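These notes are about the structure you will find just below.
The values are calculated or read from the model by the stated rules, or taken from the named source; none is laboratory data. Keep in mind the model is a prediction, meaning the values are calculated, not measured. No Cβ is skipped: glycine too gets one built from the backbone with ideal geometry, and neighbour counts run over all protein chains shown. Remember, those area values only see protein heavy atoms, side chains included, never the ligands or the DNA or RNA. Shrake-Rupley method; radii C 1.70, N 1.55, O 1.52, S 1.80 Å.
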Amino acid sequence: QTSNSVEPKIVAIYDYTGLQGQLLYQVVRYEPKQFKQRRPIGNGGWVWDLKGITPTLYHIKEVVAGVLSERPIYIVEGEKDADNLREKWLVATTISGGASTKWHSALLSLFVGAVVNIIPDNDIPGLKYAYALANVLSVIASEVKVPILTVGKDVSDYLEVKGFQSLQELVQNTKPYV
């Protein structure tokens, strides 16, 4: 190891659970920025892959409860972004792997009748992902919006620069996706 290389350090662990609250897998975030996924194998052990695991939604129980209580659901591209919106009392979720992950049909069916705001990262993969997801969800959800961030690379950056009130206005002023 050279003197100028940095040993990766765990800075966050995000739990992905099933509808009964059981831990299915985790996304582990490191600095310098990188992500690894692991699944529990019992006795406190982990396997660092998701073989045999169908990706699920981050905080899936909150999403289901939010849809049932007719609260808007916010879909973002990362756990940190979802958590920053959840701190503002919003129902927010993501899927592990971000813009490159395919959504299983069982997850899509959770959004029947929902009001959904998909807030992509401010890049081409993020926009492609958001519009592909909006195409699918607009058939089953009661309303889908894709607010486009005007500053920053993601919703966390946007909140830092423009604030929560500005984000609320951006979502409110975004026309429904058709």
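Details
- Out of Ala82, Ala65, one residue alone is touching a strand residue (DSSP E or B) at 6+ places or on another chain (Cβ under 9 Å), hydrophobic (A, V, I, L, M, F, W, C), within 21 Å of Leu19 (Cβ to Cβ) and surrounded by fewer than 17 Cβ atoms within 10 Å (Cβ to Cβ). It is Ala65.
- Pairs meeting the criteria (first residue in segment 44-71 and under 19 Å from Gly98 (Cα atoms), second residue in a loop (DSSP other than H, G, I, E, B) and not polar (S, T, N, Q), beta carbons under 6 Å, at least 6 apart or on different chains) are Thr54/His104.
- Of all residues making up segment 152-176, the number that are under 15 Å from Glu87 (Cβ atoms) and of a type outside the set (D, E, K, R): 9
- Members of segment 56-97 that are touching a Gly at 6+ places or on another chain (Cβ under 8 Å), at pLDDT below 95 and not acidic (Asp, Glu): Thr56, Gly78
Each row is one residue, and each column tells you yes or no for (1) at pLDDT 95 or above; (2) within 16 Å of the chain's Cα centre (by Cα).
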| residue | (1), (2) |
| --- | --- |
| Ser100 | no, yes |
| His104 | no, yes |
| Val112 | yes, no |
| Pro120 | yes, yes |
| Ile124 | no, no |
| Lys162 | yes, no |
| Val171 | yes, no |
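- Residues that are over 17 Å from Ile73 (Cβ atoms), open to solvent by 40 Å² or more (accessible area, probe 1.4 Å) and either part of a loop (DSSP other than H, G, I, E, B) or of a type in the set (Val, Ile, Thr) (or both), drawn from segment 120-170: Asn122, Asp123, Ile124, Ile148, Thr150, Val151, Lys153, Val161
- Hits in segment 72-91 (condition: more than 12 Å from the chain's Cα centre (by Cα) and over 19 Å from Leu133 (Cα atoms)): Glu87, Lys88, Trp89, Leu90
- In the set (1) within 23 Å of Ala65 (Cα to Cα); (2) in contact (Cβ under 8 Å) with a residue 24 or more places away in the chain, the condition left unmet by Thr101 is number (1).
- The residue of segment 13-31 that is farthest from Asn84 (Cα to Cα), among those that are touching a residue at least 40 places away in the same chain (Cβ under 8 Å) and surrounded by 14 or more Cβ atoms within 10 Å (Cβ to Cβ), is Tyr25.
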